[in-house]
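What follows is calculated from the coordinates using simple rules that are stated; it is not laboratory data. If you're wondering where the values come from, they're calculated on a predicted model, not measured in any experiment. With ideal geometry, Cβ positions are generated from the backbone for all residues, glycine too; neighbour counts draw on all protein chains shown.
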Amino acid sequence: MKILVATEKPFAKTAIAQINEIVQKAGAELVLLEKYENAEQLYSAVQDVDALIVRSDKVTREVVSHAKKLKIVVRAGAGFDNLDLQALTERGIVAMNTPGQNSNAVAELATGMMIFMARNAFQGGTGSELKGKTVGIQAYGNVGKLVARLAKAFNMKVYAFDPFVKAEDIEKDGVTPLNSLEELYQKSNFISLHIPANEQTKKSINYTLLSLMPQGAFLINTARKEIIDEQSLDKMFAKRADFKYATDIAPENLAELKEKYGNRIFATPKKMGAETAEANINAGLAAANQVINYLKEGVDKFRLN
Ligand code: 3PG
C-alpha cells in the first residue's frame, strides 16, 4: 500500500516524521513529493499509489487520469477548491478534507493582520487600536469562530453573518449574529473573510458591499483570492482613502495596487495561514489517519463526494 504526500509547499519536518510513523505502523509505504515544480512530476508520482495527501496542490482531471490505483485523496486542510471532485467521483475515488485542523493558525494570522494594518504596517505614523472597534466575521465556521474569540479578547464588538449557522449558536459565544451581509459590512470597521471559494462566492466581495463599510475600513482575507472582485477592490482603494486591505492570497494585480496604494495593501508572498508546525502536524496526521482508516476499515468521515 503506497501513500503519496504531494506538497508543493511542504509540511514541517516534524509533521512528516509523525505521518511516516502512522503510515509505517499500518504496514504501508510513504512516498514524498515535495516542492515540485510542474504538474508532470505529480503525474508520474501518482501513477502507482493507493492514496494521495495534498495541501493546496491541484488535483485536476489530468492528475486523476494518471492515478491508476488511487482510492482516496485527502486534502490536509479545510478548503477543497483544489480538488476536481467530479473527476474523482467518476473514478470512484473518495475525497476528504480535515476540517478544523489548521483553523487556529489561520485565525491567529487574521488577527495579526488586523493589528498590523491598524498600525500602518509597522512603518511608523499614528495607528489605531482594535479595542472598541467592530469586526464582522463573514462565515462562522471553524476559523471564523476562533477569530471571533480572539477579537473579543481585544475588547472588540464582534458581529457575524452565516446563513448556515443558527443565530443562537453564534449568540452563545457572545457574538451578535446579523441577518444580512449588507448589515455586516455597514456595522464593521474590520471584515474578516472565512467563506470558501465556490460558484456562489466567487467575486462576491464587490464594491457594493465594501462601500457600505464605515470610515476606517479594513478588509482581512485569509480565505481565497477568487472571492474578491478585483476591479471592485481597485475602485474601493481609489474612492476611499481610509480603506486598507491585508490578504494571505495576493490578488492578480498586486504590483499595480502596491504601486498605487502603497502600505494600504499587504499580501503575504505565499499563503501562510496554515504555515505553522502545529497546523502541519494537526492536519497532516489527521490526513494520514483518515487514509489508513479508510483503506483498512472503510471509515469515511469527512468524505466530500
Ligand atoms: C486551507 O484551506 O486549509 C488553508 O487555506 C491552508 O492551505 P495550505 O495547506 O495550502 O496552507
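Using the count of nearby Cβ atoms within 10 Å as a rough guide to exposure, how do H194, H66 rank from fewest to most?
Working: H194 28, H66 17.
Result, fewest neighbours first: H66, H194.
Could you work out [θ]222 nm for the chain from helices alone, using -39500 (n - 2.57) per DSSP H run of at least four and dividing by all its residues? Round to the nearest 500 deg cm²/dmol.
The helix-only estimate for the chain comes to -11000 deg cm²/dmol at 222 nm.
With +1 on the Cβ of every Lys and Arg and -1 on the Cβ of every Asp and Glu, and nothing else charged, how large is the dipole of the chain about its Cα centre, in debye rounded to the nearest 20?
480
Using the charge dipole of the chain (Lys, Arg: +1 at Cβ; Asp, Glu: -1 at Cβ; taken about the Cα centre), state which of N102, N82, Q290 has its Cα farthest towards the positive end.
Projecting each Cα onto the dipole axis, the largest value belongs to N102.
Tell me which GluC sites (Glu not before Pro) from segment 153-240 have a DSSP coil assignment and no more than 13 other beta carbons within 10 Å of their own.
E199
Quick one: which residues, 5 or more positions from Y245 or on another chain, have an amide H under 5 Å from its amide H? H modelled 1.01 Å from N in the peptide plane, none for Pro or chain starts.
L219, I265, F266
If each of A241 and A39 carries a label point 7 Å out from its Cα toward its Cβ, how far apart are those two points in nm?
Label-label distance for A241 and A39, simple model: 4.7 nm.
Find the all-direction average of the projected area of the Cα convex hull for segment 103-267, expressing the result in square nanometres with one decimal place. Each step should come with its number before you reach the end.
Values: hull surface 34.7 nm².
Answer in nm², one decimal: 8.7.
Could you point to the residue in F122, I249, A279 farthest towards the positive end of the chain's charge dipole, with +1 and -1 charges on the Cβ of Lys/Arg and Asp/Glu respectively?
Going by the charge dipole, the pick is F122.
Which one, Q186, I205, A153, is farthest towards the positive end of the dipole of segment 141-208 when Lys and Arg carry +1 and Asp and Glu -1 on their Cβ?
The Cα lying farthest towards the positive end belongs to A153.
Taking amide H positions as placed in the peptide plane 1.01 Å from N, state which residues far from G77 in sequence (5 or more) or on other chains have amide H under 5 Å from it.
Hits under the 5 Å cutoff: T98.
On full extension of the chain, what length is gained from Q123 through E183, given 0.36 nm per residue of separation minus the C-alpha to C-alpha distance?
Here the segment from Q123 to E183 would lengthen by 18.4 nm.
Membrane-span-like helices in the chain: DSSP H runs reaching 27 Å or more (Cα, own axis), mean Kyte hydropathy at least 0.0?
The qualifying helices are 277-297.
Let me check I have the definition right: for the chain, take the eigenvalues of the Cα gyration tensor, multiply each by 5, take square roots. What are those semi-axes in whole Å, largest first?
37, 20, 18
Students often get this wrong, so check it: of K133/K239; K58/K244; K157/K244; K13/K271; K68/K296, which have C-alpha atoms separated by over 24 Å? Don't jump to the answer; show the numbers that get you there.
Numbers: K133/K239 22 Å; K58/K244 31 Å; K157/K244 19 Å; K13/K271 18 Å; K68/K296 19 Å.
Check vs 24 Å cut-off fails for K58/K244.
List S192, S65 from most exposed to least, where exposure is judged by having the fewest other Cβ atoms within 10 Å.
S65, S192
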